[in-house]
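A quick write-up on the structure given underneath.
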Amino acid sequence: VCVCVCVRALSLQGASLPVMDLTELPKCTVCLERMDESVNGVLTTLCNHSFHSQCLQHWEDTTCPVCRYCQTPEPVEENKCFECGVQENLWICLICGHIGCGRYVSRHAYKHFEETQHTYAMQLTNHRVWDYAGDNYVHRLVASKTDGKIVQYECEGDICQEEKIDALQLEYSYLLTSQLESQRIYWENKIVHLEKDTAEEINNMKSKFKETIEKCDSLEQKLSELAKDKQSLERKCTQLGNKVAKLGSELKEEQEMNKCLRANQAQLQARLREEERHMRETGEQKDGRITELQEQLRDVMFYLETQQQINQMPADARQEIQEGQINIASAPSPTLSATSKLSARKGRGKRGK
């Protein structure tokens, strides 16, 4: 069954006709994204295939991802970074031939640019030329003849290839001449600055040398004075050592004498205690003897007084007393001393009668 439908207008969503005077950007065969030079760097290989620079860096070998054309032979073992010896991601300076590693390894190629201001360097694996001043690739960029803008250079045929080579040689010669001239000016200025700095350093070193000589002289004088002081101190130290030895010997003698005196003191104390004990015993004996003599003296005095009283009495009374007897009762527990005293009194009484 056929059905006819009348349509007033037809519109396409998401598509449009090409605009006049505009060219559609080619696509990268690796990521299938459009290649915009203002956003991402565009690289063109020797086989005239274009890719994003980041996509081509992720490619494992040096062949073209489309036709497998070998862009450059494998890197030789002699190629390595002059500073760290790395053999990957190497860049050679187009001015002086210095080989350094890329900015994602140790940045020796970029450090060489900072030191020497050599602007252009070529990567050894794919021969891409990098401009450090403009911060972009310049190996496929030339100046347009119409407006003077930097565009990608593309041509075919042997003549175009020769023109391309001549133009590149001429541009390289111009760049090399300008770079060498700038390097000459740079190094001349650097030499002038170095000469000034060297002259200033020499003057500073001369002044420092003079100051050092003066300091050395003062130090030598101080050293001689210190040597004299050392000698005098050594003599004093020797004298003090002799005095210390003498005092030590005297101290030993005093200690020995002290020991002897302590021993003598102990002996004397023992003798003193013995003498005190003997004196106490002698005193006790003397006290007993004195007591006994006092009793005898009292008996004698009693006898004399009694004799005197008896002599003063009349004769009858004396006769009666002489003929009389004295009876003394014995004590219940007489002591030896009382018996001796009583016997002594009887004896003295008998002598008196």
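The values are calculated or read from the model by the stated rules, or taken from the named source; none is laboratory data. This structure is a prediction, so every number in the text was calculated from the model and none was measured. Methodologically, a virtual Cβ is constructed for each residue, glycine included, from the backbone with ideal geometry; neighbour enumeration extends over all protein chains shown. Keep in mind that these areas ignore ligands, DNA and RNA; they rest on the heavy atoms of the full protein, side chains included. Shrake-Rupley method; radii C 1.70, N 1.55, O 1.52, S 1.80 Å.
Exactly one residue out of Q285, Q294, Q308, Q265 is out of contact with any strand residue (DSSP E or B) (no Cβ under 7 Å at 6 or more places or on another chain), modelled with pLDDT under 90, open to solvent by 90 Å² or more (accessible area, probe 1.4 Å) and assigned to a helix (DSSP H, G or I), and it is Q308. Any residue that is open to solvent by less than 100 Å² (accessible area, probe 1.4 Å), at pLDDT below 70 and either over 24 Å from C55 (Cβ atoms) or touching a His at 6+ places or on another chain (Cβ under 8 Å) (or both) - is there at least one of those in segment 135-142? Yes, some residue in segment 135-142 is open to solvent by less than 100 Å² (accessible area, probe 1.4 Å), at pLDDT below 70 and either over 24 Å from C55 (Cβ atoms) or touching a His at 6+ places or on another chain (Cβ under 8 Å) (or both). Within segment 113-131, being at pLDDT 75 or above and open to solvent by 30 Å² or more (accessible area, probe 1.4 Å) holds for E114, E115, Q117, Y120, M122, L124, T125, W130.
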